[in-house]
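Inspection log for the structure reproduced underneath, given as structure tokens.
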Amino acid sequence: MTQSNTKQSNDNSRRTSVSGSKASMTIEAALTIPVFFFAVLSLVYLMEVQAIRTTIHAAALNAAKICTEDTAVVSILNPIKLESEMVKFIGSEKMNRSIISGGSSGLHCGTSYLSPLSGELKIIVKYNIKMPFPGFMNLTAKCKEELKLSSWNGFIKRGMESEDNQIVYITETGWVYHEDYNCTYLQLSIQFVPYEDLWKIRNEEGGKYYKCEKCVHGDAMPGVYITNSGNKYHNSLSCSGLKRTIYAIPKSEAFGRGGCSRCTK
């Protein structure tokens, strides 16, 4: 009788041990599997963030190269065009499906600028990335991409040509040639001023500013564009009245034109 009780006791002990082992494995699995999936998702998320940053950097570089051509004519960097070119490069639908907060309208280049001293473009792109926490839908991480480019003038600088083949610059309506591409007669000095202050501002000849018939239809914008040598104010920076069509020609072909009083010898 004692031997039978001992045998039953051993069987119960083995069952308890096996049951405890299974329970321990179940608990470990319940803890390990979520941690594993969280690690995998975190890795995928970090890879997606890196891919987005690489894409935005490439888009900023491409857009900056396009905008540098505009700065050769108008010495102002247009942040709105910079953003538009970046969205065009990446694709608006792709951006709207991404983790960029705001999608195609989530890129901000308002702090980018063109240095008037060095002619260098400083491109700054700010955007937010959605964080993968379901309980915090509005939680985002701030990101910023920066790059610098030299401005483009598209022509050989003075002093690099012989006298016979020296390059000079002319405009469609001008009667003189220019030896310096950066002559103030060629490069319009554009200012952005409040419309309410326009009444007290005068151009370099002391004249007032009047509305441009090409881009001011009805009321003027709160801020308008003017030039030192002009007498019109403009609603749009892309107005043809703010642009010069400049041609580079050999000096020998500038017959009938005199030299500019500001930049020729």
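The values are calculated or read from the model by the stated rules, or taken from the named source; none is laboratory data. All of these numbers come straight from a predicted model, not from anything done at the bench. Here the Cβ positions follow ideal geometry from the backbone for every residue, glycine too, while neighbour counts run over all protein chains shown. Accessible surface areas use protein heavy atoms only, side chains included; no ligands, DNA or RNA. Shrake-Rupley method; radii C 1.70, N 1.55, O 1.52, S 1.80 Å.
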I'd like the residue in the stretch 166-191 that is out of contact with any strand residue (DSSP E or B) (no Cβ under 9 Å at 6 or more places or on another chain) and over 22 Å from Leu77 (Cβ atoms) and, out of all such residues, is modelled with the lowest pLDDT. Thr173
Among the residues of the stretch 96-114, write down those that are in contact (Cβ under 8 Å) with a residue 12 or more places away in the chain and outside any loop (DSSP other than H, G, I, E, B). Ile100, Ser104, His108, Tyr113, Leu114
Could you say whether any residue in the stretch 146-162 is outside any loop (DSSP other than H, G, I, E, B), open to solvent by 80 Å² or more (accessible area, probe 1.4 Å), at pLDDT 85 or above and not polar (S, T, N, Q)? yes
In the stretch 206-265, which residue that is buried (at least 17 other Cβ atoms within 10 Å of the Cβ) and among the hydroxyl-bearing types (Ser, Thr, Tyr) is nearest to Asp180 (Cα to Cα)? Thr227
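Let's see how each residue does on (1) outside any helix (DSSP H, G or I); (2) at pLDDT below 85; (3) out of contact with any Cys (no Cβ under 9 Å at 6 or more places or on another chain):
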residue: Thr32; (1), (2), (3): no, yes, yes
residue: Ala64; (1), (2), (3): no, yes, yes
residue: Lys88; (1), (2), (3): no, no, yes
residue: Lys94; (1), (2), (3): no, no, yes
residue: Val125; (1), (2), (3): yes, no, no
So Leu117, is it modelled with pLDDT under 85, out of contact with any Asp or Glu (no Cβ under 6 Å at 6 or more places or on another chain) and surrounded by 13 or more Cβ atoms within 10 Å (Cβ to Cβ): no
